[in-house]
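The values are calculated or read from the model by the stated rules, or taken from the named source; none is laboratory data. Computed from a predicted model, the values in this text were never measured in an experiment. Positions of Cβ are backbone-derived with ideal geometry, glycine not excepted, and every protein chain shown enters the neighbour counts.
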Amino acid sequence: MTQESDLDSTVRMRIRSLRQARGWSLDNLAERAFLSPSTLSRIETGHRRISLDQLTALARALGTSLDQLVETVDDDDVVIRPQRDEQRGLTTWLLNRGSGPAGITVAKMRITDEGRGPLGVHPGKDWFTVLSGTITLILGERSIRVEAGQAAEFSTMIPHAIRARGGPAEILCILDHDGQRTHLHPPV
């Protein structure tokens, strides 16, 4: 089965499911969409191609958008896949799509790097909790050990770095816009 026929089948299923969820018969939806009941039946069963005009009328009648009827059938809108940065020893899962409230980003990070890279500075605050392992939080001249079950909040105007200590560690962090830009999209 091709991707095009998968999408076609999905659109037909969505039309039928939305109609049935509203408790409408073929006649009810056909009337609202200015189609004949037999045309709608053939559309739902795949015995007739759907024209753009018909699809637009059906979306309007069903109270949905054309985009929602034809959105892709992959799982990228549901499954969060890791982004690996081998060079920095970092794997990141962005747990919210786009910016959350007030530009906040929530991410899970697996850190394997115990390295000695440069410290970063940016406006704002960072917050994280250690899910597993141990983290060394470098704040200027200070080296602070943060263990599983503990959390840290700090001003990011102090030169800082978050590093694994004694093996891989996982953290859940909340970053503002500047923190996201600095920690998740480092300069190349």
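The residues of the range 34-50 that are within 34 Å of the chain's Cα centre (by Cα) and under 13 Å from ALA61 (Cβ atoms) amount to a single one, ILE43. For THR45, the conditions (1) among the β-branched types (Val, Ile, Thr); (2) closer than 30 Å to ALA164 by Cα; (3) outside the structural domain of ALA161 (by TED's automatic domain parsing) are fulfilled apart from (2).
When GLY179 is tested against the conditions (1) at pLDDT below 80; (2) in a loop (DSSP other than H, G, I, E, B), the lone failure is (2).
Here the condition is being modelled with pLDDT under 95, within 19 Å of ASP67 (Cβ to Cβ), aliphatic (A, V, I, L, M) and not in a helix (DSSP H, G or I); of ILE43, ILE50, it holds for ILE50 alone.
Looking across the range 36-72, just one residue is in contact (Cβ under 8 Å) with a residue 60 or more places away in the chain and either of a type in the set (A, V, I, L, M, F, W, C) or more than 19 Å from SER5 (Cα to Cα) (or both), and that is VAL70.
Sub-9 Å Cβ pairs linking a first residue in the range 144-169 that is free of Cβ contacts under 8 Å to residues at least 60 places away in the same chain to a second residue that is among the hydroxyl-bearing types (Ser, Thr, Tyr) and not in a strand (DSSP E or B), at least 6 apart or interchain, are THR156/THR182; GLY167/THR112; PRO168/THR112; ALA169/THR112, ordered by first then second residue.
Just one of (1) out of contact with any helix residue (DSSP H, G or I) (no Cβ under 6 Å at 6 or more places or on another chain); (2) crowded, with 17+ Cβ neighbours inside 10 Å fails for ARG32. It is (1). Scanning the range 140-160 for residues that are in a strand (DSSP E or B), modelled with pLDDT of 95 or more and hydrophobic (A, V, I, L, M, F, W, C) yields ILE144, VAL146, ALA151, ALA152.
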